Amino acid sequence: TIRFTNTALQSVVIQKYAEGTTTPIQGAVFLLKDSGGNLLGSNNGEYTTDRNGQIVVSGLTAGMTVTAQEIRAADGYTLDSTPRSIRIRRGDAQTLTVYNTPQRTLTINKFVEESTTPIQGVRFQVTDGNGGAIGAGEYVTNEYGQIVIPNLDVGTTVIIREVAAVRGYALNGSPQSITITS
């Protein structure tokens, strides 16, 4: 009698959630390497989370270590480029859970005093707490009297100063500040 045996290949599941939730994040791109630093898979080691916030990599050998590093965050989230490693064990799929902090959006509204009538065309300077420009640095209100600034990190202090009023209105040069929170 001759007996042949095969070693089952293992898998790893990378699960991506929004910080503090179980809300899956689709579209985050990870670079995966083995313990020797070799890229895994046929796409130069790049894998993208699916609509369930998952990447499933099969065909791994027990005992190897897989390192996953986020290289591109999904839209609306802050990149977490910290490499994370997991040792592949025999007999069960390994799960690596990674969380991302959502980026926040700031909306600036400009209205006629004591009303909700928007004012279009007002120019604002927007800086961080150190005086550095946020985004374009200067913004102009739209037809709704709004400026929307996306992708701000939690903890960022934003200082907003009106720098040019529209004809018929006085300039309100008093700066206002806000700290972006979760």
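Here is how the numbers come out for the structure above:
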| read-out | value |
| --- | --- |
| Unique match (being in a strand (DSSP E or B), over 17 Å from residue 31 (Cβ atoms), free of Cβ contacts under 8 Å to residues at least 60 places away in the same chain and open to solvent by 40 Å² or more (accessible area, probe 1.4 Å)) among 58, 85 | 58 |
| Residue that is farthest from residue 176 (Cα to Cα), among those in region 126-135 that are of a type outside the set (A, V, I, L, M, F, W, C) and open to solvent by less than 40 Å² (accessible area, probe 1.4 Å) | 132 |
| Enumeration of residues in region 150-177 that are farther than 22 Å from residue 104 by Cβ, assigned to a loop (DSSP other than H, G, I, E, B) and of a type outside the set (Val, Ile, Thr) | 165, 167, 168, 169, 170, 171, 172, 173, 174 |
| Selected residue (criterion: farthest from the chain's Cα centre (by Cα)) from residues of region 136-149 that are closer than 14 Å to residue 106 by Cα and open to solvent by less than 70 Å² (accessible area, probe 1.4 Å) | 145 |
| Single residue of region 88-125 satisfying the filter (assigned to a loop (DSSP other than H, G, I, E, B) and among the β-branched types (Val, Ile, Thr)) that is surrounded by the fewest Cβ atoms within 10 Å (Cβ to Cβ) | 116 |
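Matching residues to (1) among the polar types (S, T, N, Q); (2) at pLDDT below 95; (3) outside any loop (DSSP other than H, G, I, E, B):
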position	(1), (2), (3)
2	no, yes, no
8	no, yes, no
21	yes, yes, no
31	no, no, yes
36	no, yes, no
63	no, yes, no
75	no, yes, no
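The values are calculated or read from the model by the stated rules, or taken from the named source; none is laboratory data. As the structure is a prediction and not an experimental result, all values here were calculated from the model. In this analysis, Cβ positions are derived from the backbone assuming ideal geometry, glycine residues included, and neighbour counts consider all displayed protein chains. What goes into the accessible areas is simple: the full protein's heavy atoms, side chains included, and nothing from ligands, DNA or RNA. Shrake-Rupley method; radii C 1.70, N 1.55, O 1.52, S 1.80 Å.
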